[in-house]
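**Q** So that we are looking at the same thing, I have put the structure below in structure tokens.
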Amino acid sequence: MERGNFGTKIGVILATAGSAVGLGNIWRFPYMTGQDGGAAFIIVYLVCVLLLGIPGMIAEFIVGRHGAANAATAYARMGGKRSWAALGFVGALTSLIILGFYSVIAGWCLQYLFASIMGNLSGDAAYVNAYFTKFSSNPVEPLLWTLVFIVLTHLVVVRGVRKGIEKMSNILMPTLFILLLVIVVVSCCLPDAGKGISFLFKPDFSKVTKSVFLDGLGQAFFSLSLGTACLCTYASYFTRQTNLLKSSAQIVSIDTLVAILAGLMIFPAAFSVGVNPDSGPQLIFITLPNVFQQAFSPVLGYIIGILFYALLALAALTSTISMHEIGTSLFFEELHISRSKGAVIETLIAVVIGMLCSLSCGAVDITVFGKSFLNFCDFLTSNILLPLGSFFTCILVGWIAPRKIVKDEFTNWGTVSQGFYGIWLFFIRFISPVCIAVVFLHQMGVL
């Protein structure tokens, strides 16, 4: 069965960076920064990216390119036993669950984009809060937007690697950057915007606590899509000439740049009107609509609101495309069916998960272990499946896989400098597993 592959180096970078860039950068990173002291958290985060992000990304790249197949087969080939395929299946399951509940939140972004265009978000804080509560608990509207988003994702993935994923990434990522930069420039020109910029770049190390370090470690882990089999799947389409170390550094740089630009977009505007955006998950649906109304003139606020929610929708789409591709490639290769049929299976299962998650937000009482179905899916993947998948990937690549294979992949069969190989191997064998274990214990409430 013939597999696709990326056609250009820029396609590799933009598509893989797109898989990492998402709501975690534009939504989670700013509110985590707000809660954990601003610049000090960013420095901790950057250190964690070096300790965990780049080594873990390269490890998954090695598994994927060596296997040149879906995640299950790639892990089996790297481990030399079919039993290691279980790690790939877990990664595909994890990404499928994430695709389901992530599409619900992405659907909210589409609704807010539509509401911004129609001018329905203008009102006081109580109105905006009531609007979100009413919308998210509606049994029909959020469900329709969820379905729209999953279908959009399907239409990209079903076209294949080059004509679908790579082509769309080459459009979406530059557009995302342009929208982000426009809002950053406007936000930084507001009165008292300097307070927000200072908060973002002037560190106060007295605020660095164990909790801040653990949050930075967790953000680095989840922002880069480690443990989802996404990086492994995309790397299966890499050519033998792709420099894994250089590519990972470029992707991490883009991912981090987007996160910091998101902070520059939000903090100056928030501080300009006296709001500290540490309001947690409700930041983008409750806090920011009020900030935009207070910080800008009615016309400019209207335009910024539209651009912001368009930006969120694009960022979400770059991530859901990669999540969908993991299951699509696994289904059509493992079941020996066409790619389009594999994509349909992935889409149908994601629709069922998305429907249950959407309805559990208030319309229907769907709970698991005392959590709404959406929150349970989030807890299961973020706190358990992602750390476990990434931890065992480090064990496989660092301790079990044949050393020659690992070294050949890292150095492109001796054509790339071997200077960083020993350092990376030390990290993937000792440092990264410890960091992942710490993240896991922290998410489980042990630390």
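The values are calculated or read from the model by the stated rules, or taken from the named source; none is laboratory data. Given the structure is predicted, the values throughout are model-derived calculations rather than measurements. Here the Cβ positions follow ideal geometry from the backbone for every residue, glycine too, while neighbour counts run over all protein chains shown.
**Q** Is there a residue being modelled with pLDDT of 90 or more, over 20 Å from P174 (Cα atoms), among the acidic types (D, E) and assigned to a helix (DSSP H, G or I) anywhere in region 249-270?
**A** no
**Q** Does at least one position in region 86-106 carry a residue that is more than 28 Å from M168 (Cβ to Cβ) and modelled with pLDDT of 95 or more? Spell out how you get there, then give the answer.
**A** Filtering region 86-106 for residues more than 28 Å from M168 (Cβ to Cβ) gives 86-87.
Checking the rest, the ones that are also modelled with pLDDT of 95 or more come to 86-87.
Looking through region 86-106, at least one residue is more than 28 Å from M168 (Cβ to Cβ) and modelled with pLDDT of 95 or more.
**Q** Select from region 1-32 the residues that are of a type in the set (V, I, T) and outside any helix (DSSP H, G or I) and list them in ascending order. It would help to see each step written out before you state the result.
**A** We begin by selecting, within region 1-32, every residue of a type in the set (V, I, T); these are 8, 10, 12-13, 16, 21, 26.
Selection gives T8, V21.
**Q** Hey, any hits in region 128-139 for a residue that's without any contact (Cβ under 8 Å) to a residue 12 or more places away in the chain and of a type outside the set (S, T, Y)?
**A** yes
**Q** Another question, then. Test L311 against the criterion of being in contact with a helix residue (DSSP H, G or I) (Cβ under 8 Å, 6 or more places away or on another chain) and either over 27 Å from L110 (Cβ atoms) or at pLDDT 85 or above (or both), and give yes or no. Reasoning before the result, please.
**A** Values: in contact with a helix residue (DSSP H, G or I) (Cβ under 8 Å, 6 or more places away or on another chain): yes; either over 27 Å from L110 (Cβ atoms) or at pLDDT 85 or above (or both): yes.
Considered against the rule, which asks whether it is in contact with a helix residue (DSSP H, G or I) (Cβ under 8 Å, 6 or more places away or on another chain) and either over 27 Å from L110 (Cβ atoms) or at pLDDT 85 or above (or both), L311 comes out as yes.
**Q** If you take the residues of region 401-447 that are exposed (fewer than 14 other Cβ atoms within 10 Å of the Cβ), of a type in the set (A, V, I, L, M) and touching a residue at least 60 places away in the same chain (Cβ under 8 Å), which of them is nearest to V44 (Cα to Cα)?
**A** The selected residue is L447.
**Q** Here is a follow-up. List the number of the failed condition for V161; all other conditions in (1) crowded, with 22+ Cβ neighbours inside 10 Å; (2) more than 30 Å from E325 (Cα to Cα) hold.
**A** The number of the failed condition is (2).
**Q** Tell me which residues, restricted to region 271-293, are more than 27 Å from G107 (Cβ to Cβ) and either surrounded by fewer than 20 Cβ atoms within 10 Å (Cβ to Cβ) or at pLDDT 90 or above (or both).
**A** Filtering region 271-293 for residues more than 27 Å from G107 (Cβ to Cβ) gives 271-274, 276.
Scanning region 271-293 gives V273, G274, N276.
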